[in-house]
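Undergrad: Sending over a structure as structure tokens; questions will come in a sec.
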Amino acid sequence: MKRQIPLALCFLFGVVMIFTQFSPHPVSKSIYERVISGALIIGPFALVLATITLIQTHINRIQRRTEHWGYSFVVFAGLITMVAIGVPFGPENPVFVWLYTNVQVPMDATMFSLLAFFIASAAYRAFRARSTEATLLLVTALIVMLGNVPVGDLIWNTILSWTGFENQASAARGWILDNPNLSARRGIILGVSLGVISQSIRIILGIERSYLGGGD
Amino acid sequence: MQLLGIWVAAFLTLCIYSFLYKDNPLYRFAEHLFVGISVGYGIVLSIHQGFLPLAWKPFWEAITFQDTSGFWVIIPIAFGLLFFARLSPRHTWLIRYPIAILIGYGSGIAIPNVLRANIFEQTRGTLEPFGKIARETVAANGNIIPPLTPFEIVGAILMVIGVVCTLTYFFFSVEHRGPIKGLSKVGIAFLMIGFGSAFGNTVMGRVALLIQRMDFLMFDWIASIGTIFSSIF
Amino acid sequence: MLTRIVNMDRRYVFILVALAVIIPMLFSVSLPVSISQPTQNLYDYIENLPAGSTIMLAFDYGPSSLAELNPMARAILIQCFRNDIKVIALTLYADGTTLASTLIKEVAEEAQAVDGEDYVFLGFRPGATQVILGMGTEIAGVFETDLSGKPLSEIPIMKNIVNYDQIDLLVDLASSATPDAWIIYANVQYGLKIGAGVTGVMISQMFPYLQTGQLVGLMSGILGAAEYENLVDVPDKGMQWINVESFVHLLIVLLVVIGNIAYLIQREREES
């Protein structure tokens with residue numbers, strides 16, 4: 001009941017979805033469409049659960065007075081404000097849009113822009129040609145960085161114009177992306193895809209059961 | 001209202017940048033406000049753009065007999081509700097039902113599509129250039145494509161070597177000794193070039209985000225100071 | 001001295017990076033951008049669509065990637081409105097809903113495009129794979145209304161649109177793995193043609209799909225945005241920012257070179 005039925009459901013839905021994709025029969029098509037619509041309906045419930053879990057985490061922080069617990073009130077203030085405006089009035093409400101545009105957007109964008117500083121600092125302090133492989137990585141990164149910006153071609157055309165070739169910084173970047181990078185990425189895609197397929201088969205056949213979690 | 005928005009956005013932007021000096025209460029305030037606001041936004045969107053149109057509306061139409069053909073939606077809704085069993089320690093196991101359905105469904109959908117998109121197509125892409133070495137081909141838009149140039153032939157050979165060697169590096173079922181070790185070493189070289197190009201591109205992406213914020217501070221926020229002064233004096 | 005250079009407080013590096021952005025911004029530098037083939041291919045594909053064609057524009061990104069993807073979205077929308085190509089926009093990313101809605105309205109107003117006739121914004125639905133597959137059967141089965149709640153049956157642009165069969169191209173503006181999902185499910189299952197505009201982080205992993213033709217074209221980060229602005233001949237933020245970007249890249253290259261020279265000298269000394 002606790003493990004067998006979920007395993008049976010997993011097998012049933014897995015097999016049904018494989019076969020319905022190969023059969024053009026109207027019944028098969030109808031089952032396929034129904035299952036997709038059903039999965040669309042189940043999805044939003046998981047989102048609601050995720051939200052409840054986050055709220056519980058912050059309530060726990062406040063109750064246990066963990067470090068910086070006071071900031072959990074800020075989380076609730078933001079959350080309640082958005083929900084109080086957005087749920088009754090909808091996502092197109094001007095106040096809701098104002099809060100999104102002037103509070104969420106700048107903070108989200110700024111938070112990720114911090115990485116520009118850290119990536120520059122990390123490149124300076126840790127990006128070293130310690131081995132052949134590391135040198136290969138470093139040289140490629142430098143070529144791509146210069147090929148990605150117009151100044152790369154400008155430098156080439158100014159210093160290396162005597163070679164008779166123009167805009168070779170961006171051309172080198174293009175070749176790296178389109179050839180050795182493509183091969184490596186394709187190798188990764190093929191490897192990962194084979195992994196996905198074998199894992200999916202193991203899940204459907206009930207060999208892989210970690211998604212059921214612990215307990216009986 | 002627009003001016004206020006610019007100032008609020010600028011204040012929060014500077015709060016977050018203050019972290020570059022060191023961790024401080026202003027940064028922590030902005031960080032937690034960001035979490036609250038974005039989760040609140042997510043809840044509103046999930047309700048208005050997910051739960052209401054996909055679950056509630058068909059459910060309501062079914063139970064009020066407006067659309068009895070939609071009665072079947074009660075089944076996925078019932079399974080969806082089982083997610084909340086997670087909140088009761090005694091009934092947590094019930095959450096396995098919707099998870100098992102979604103995982104089984106996802107696996108079943110993935111197998112044929114991943115096989116076609118990522119295995120067959122990528123293998124075709126690796127071998128196809130060799131069919132164009134000696135003769136002209138016709139593109140999908142009707143254009144005649146001339147045979148490959150010597151440079152392109154070298155590229156095609158390099159691509160096969162790269163793909164085979166990268167796959168060999170990830171092939172852990174045999175010990176990496178002798179020729180396998182050699183192939184996997186070449187695979188590492190290709191991977192390093194791949195990761196190097198990814199790093200170069202990532203730098204471009206992250207710097208673009210910084211430029212956008214600086215653009216906002218320098219041209220929207222500072223310009224708004226001018227607007228305020230000109231309206232006062 | 002060497003140790004001091006290598007172990008310089010990272011805040012000095014932060015200041016240098018900030019200056020490398022601020023100073024070029026004050027002097028609006030404008031260097032020519034050469035167009036890469038993947039961007040050209042996407043532009044040509046849309047340019048060759050006959051007037052009245054329909055493209056789908058997926059805004060699969062949130063505010064954290066707006067710097068790279070908003071300029072691309074703007075340039076593509078301008079091209080579509082100019083060529084009388086209908087745009088059906090949507091997002092698989094909750095955080096992108098208001099961002100996309102605001103941007104589309106802004107560009108439409110500038111181009112005098114009419115909501116419901118030249119474009120429609122369907123909004124967001126959770127569950128990327130299900131949404132992609134669901135629209136393959138019937139778009140109205142997933143999006144019964146547009147974002148403002150208007151039923152699709154009452155929207156003129158949607159009159160003859162049932163599913164992907166009536167869509168000439170999907171352009172995915174993405175900050176995560178959504179192009180893979182569109183390729184795996186919409187392209188393979190329903191034969192939908194796909195183009196993409198992606199953030200810098202994702203550029204490298206898109207190239208295998210370009211070579212096989214699973215992607216008809218690709219805009220690569222802020223560079224792709226600048227190239228596309230160049231192609232549609234409406235230079236804007238993409239062009240401005242790629243020029244500023246030049247200086248920051250030069251600084252980072254310089255920092256890496258200095259760091260490595262110091263490291264090599266240090267290693268030489270230790271060995272001797």
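Undergrad: For residues that are touching an Asp or Glu at 6+ places or on another chain (Cβ under 9 Å) and of a type in the set (A, V, I, L, M, F, W, C), scanning just the range B:99-136, find the one that is farthest from A:LEU40 (Cα to Cα).
TA: Here the residue is B:ILE133.
Undergrad: Looking only at the range A:136-163, which residues are of a type in the set (A, V, I, L, M, F, W, C) and under 16 Å from C:LEU251 (Cα atoms)?
TA: Within the range A:136-163, A:LEU138, A:VAL139, A:ALA141, A:LEU142, A:ILE143, A:VAL144, A:MET145, A:LEU146, A:VAL149, A:VAL151, A:LEU154, A:ILE155 qualify.
Undergrad: So which residues in the range B:194-228 are over 26 Å from the mean Cα position of the chain (by Cα) and among the β-branched types (Val, Ile, Thr), if there are any at all?
TA: Hits for the range B:194-228 are B:ILE222, B:ILE225, B:THR227, B:ILE228.
Undergrad: Filter the range B:196-233 down to the residues that are among the β-branched types (Val, Ile, Thr) and either more than 7 Å from every other protein chain (Cβ to nearest Cβ) or surrounded by fewer than 20 Cβ atoms within 10 Å (Cβ to Cβ) (or both) and list them by number.
TA: Listed by number, the residues that qualify are B:ILE222, B:ILE225, B:THR227, B:ILE228, B:ILE232.
Undergrad: Only residues that are at the interface with chain B (Cβ under 7 Å from one of its Cβ atoms) and either surrounded by fewer than 24 Cβ atoms within 10 Å (Cβ to Cβ) or in contact (Cβ under 8 Å) with a residue 40 or more places away in the chain (or both): list them for the range A:83-95, please.
TA: Result: A:VAL83, A:VAL87, A:GLY90.
Undergrad: Is it the case, given these coordinates, that C:ALA111 is of a type outside the set (D, E, K, R) and outside the structural domain of C:GLY259 (by TED's automatic domain parsing)?
TA: So C:ALA111 passes the test.
Undergrad: Please give the number of the condition B:ALA30 fails out of (1) out of contact with any Lys or Arg (no Cβ under 9 Å at 6 or more places or on another chain); (2) without any contact (Cβ under 8 Å) to a residue 40 or more places away in the chain; (3) more than 8 Å from chain A (Cβ to nearest Cβ); (4) outside any loop (DSSP other than H, G, I, E, B).
TA: (3)
Undergrad: Next up: Filter the range B:79-98 down to the residues that are within 20 Å of A:LEU40 (Cα to Cα) and either surrounded by fewer than 14 Cβ atoms within 10 Å (Cβ to Cβ) or of a type outside the set (Gly, Ala, Ser) (or both) and list them by number.
TA: Once the filter is applied, which keeps residues that are within 20 Å of A:LEU40 (Cα to Cα) and either surrounded by fewer than 14 Cβ atoms within 10 Å (Cβ to Cβ) or of a type outside the set (Gly, Ala, Ser) (or both), the range B:79-98 yields B:PHE79, B:LEU81, B:LEU82, B:PHE83, B:PHE84, B:LEU94, B:ILE95, B:ARG96, B:TYR97, B:PRO98.
Undergrad: For a quick check of your reading: which helices (runs of 4 or more DSSP H) sit entirely within the range B:83-184 and have at least 3 residues that are closer than 28 Å to A:VAL16 by Cα?
TA: B:96-114, B:121-127
Undergrad: Go through C:LEU152, C:LEU103, C:LEU133, C:LEU92 for me and flag whichever is assigned by TED's automatic domain parsing to the domain that holds C:ASP168, surrounded by fewer than 22 Cβ atoms within 10 Å (Cβ to Cβ) and under 30 Å from A:SER30 (Cβ atoms).
TA: C:LEU152
Undergrad: Limited to the range A:108-151, what total is found for residues that are among the hydroxyl-bearing types (Ser, Thr, Tyr) and more than 7 Å from every other protein chain (Cβ to nearest Cβ)?
TA: Adding up the residues that qualify gives 3.
Undergrad: Does A:PHE165 count as within 27 Å of the chain's Cα centre (by Cα) and more than 7 Å from chain B (Cβ to nearest Cβ)?
TA: no
Undergrad: Also, quick follow-up: Has the range B:56-65 got at least one residue that is assigned to a helix (DSSP H, G or I), under 29 Å from the mean Cα position of the chain (by Cα) and within 7 Å of chain A (Cβ to nearest Cβ)?
TA: No, the range B:56-65 contains no residue that is assigned to a helix (DSSP H, G or I), under 29 Å from the mean Cα position of the chain (by Cα) and within 7 Å of chain A (Cβ to nearest Cβ).
Undergrad: Next up: Only one of B:ILE133, B:ILE188, B:ILE193, B:ILE161 is touching a Pro at 6+ places or on another chain (Cβ under 7 Å) and facing another protein chain (nearest Cβ under 10 Å). Can you tell me which?
TA: It is B:ILE193.
Rundown of residues vs (1) under 16 Å from B:ALA208 (Cα atoms); (2) surrounded by 15 or more Cβ atoms within 10 Å (Cβ to Cβ), yes/no style:
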residue	(1), (2)
C:ARG10	no, yes
C:MET25	yes, yes
C:GLY52	no, no
C:LEU57	no, yes
C:GLU68	yes, yes
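Undergrad: Here is a further query. Is there any pair linking a residue in the range C:179-208 that is without any contact (Cβ under 8 Å) to a residue 40 or more places away in the chain to one that is basic (Lys, Arg) and surrounded by fewer than 24 Cβ atoms within 10 Å (Cβ to Cβ), with Cβ under 8 Å and at least six apart or on different chains, and which?
TA: Every condition considered, the pairs that remain are C:ASN187/C:LYS193; C:VAL188/B:ARG116.
Undergrad: What's the total number of residues in the range C:55-101 that are within 30 Å of B:THR13 (Cβ to Cβ), touching a Leu at 6+ places or on another chain (Cβ under 8 Å) and not in a helix (DSSP H, G or I)?
TA: 8
Undergrad: Report yes if A:VAL105 is surrounded by 19 or more Cβ atoms within 10 Å (Cβ to Cβ), more than 7 Å from chain B (Cβ to nearest Cβ) and either part of a helix (DSSP H, G or I) or of a type outside the set (S, T, N, Q) (or both), otherwise no.
TA: yes
Undergrad: Out of (1) within 21 Å of A:SER131 (Cα to Cα); (2) surrounded by fewer than 18 Cβ atoms within 10 Å (Cβ to Cβ); (3) touching a residue at least 24 places away in the same chain (Cβ under 8 Å), what's the single condition that is false for B:VAL160?
TA: Exception for B:VAL160: condition (1).
Undergrad: A further question on this structure: Out of all the residues in the range C:3-18, is one or more modelled with pLDDT of 95 or more and touching a Lys or Arg at 6+ places or on another chain (Cβ under 9 Å)?
TA: no
Undergrad: Another question, then. If I filter the range C:116-125 for residues that are within 11 Å of chain B (Cβ to nearest Cβ) and closer than 28 Å to A:PRO24 by Cα, do I get at least one hit?
TA: Among the residues of the range C:116-125, at least one is within 11 Å of chain B (Cβ to nearest Cβ) and closer than 28 Å to A:PRO24 by Cα, which makes the answer yes.
Undergrad: Restricting attention to helices (runs of 4 or more DSSP H) lying wholly within the range C:1-54, give those where 1 or more residues are over 29 Å from A:PRO150 (Cβ atoms).
TA: Hits in the range C:1-54: C:2-6, C:10-26.
Undergrad: Please go through (1) facing chain B (nearest Cβ under 8 Å); (2) closer than 24 Å to B:ALA208 by Cβ for C:LEU215 and return the number of the only condition it doesn't satisfy.
TA: Every condition holds for C:LEU215 apart from (1).
Undergrad: So C:GLU110 clears everything in (1) more than 29 Å from C:VAL188 (Cβ to Cβ); (2) in a helix (DSSP H, G or I); (3) within 14 Å of chain A (Cβ to nearest Cβ) except one condition, right? Which one?
TA: With respect to (1) more than 29 Å from C:VAL188 (Cβ to Cβ); (2) in a helix (DSSP H, G or I); (3) within 14 Å of chain A (Cβ to nearest Cβ), C:GLU110 is out only on (3).
Undergrad: Would you be able to tell me the number of residues in the range C:1-40 that are touching a residue at least 60 places away in the same chain (Cβ under 8 Å) and farther than 20 Å from A:ASP153 by Cβ?
TA: 10
Undergrad: Of the numbered conditions (1) surrounded by 21 or more Cβ atoms within 10 Å (Cβ to Cβ); (2) within 9 Å of chain B (Cβ to nearest Cβ); (3) closer than 24 Å to A:SER193 by Cβ, C:PHE143 fails exactly one; give the number of that condition.
TA: Every listed condition holds for C:PHE143 apart from (3).
The values are calculated or read from the model by the stated rules, or taken from the named source; none is laboratory data. Note that this is a predicted model, so its numbers are computed, not measured. With ideal geometry, Cβ positions are generated from the backbone for all residues, glycine too; neighbour counts draw on all protein chains shown.
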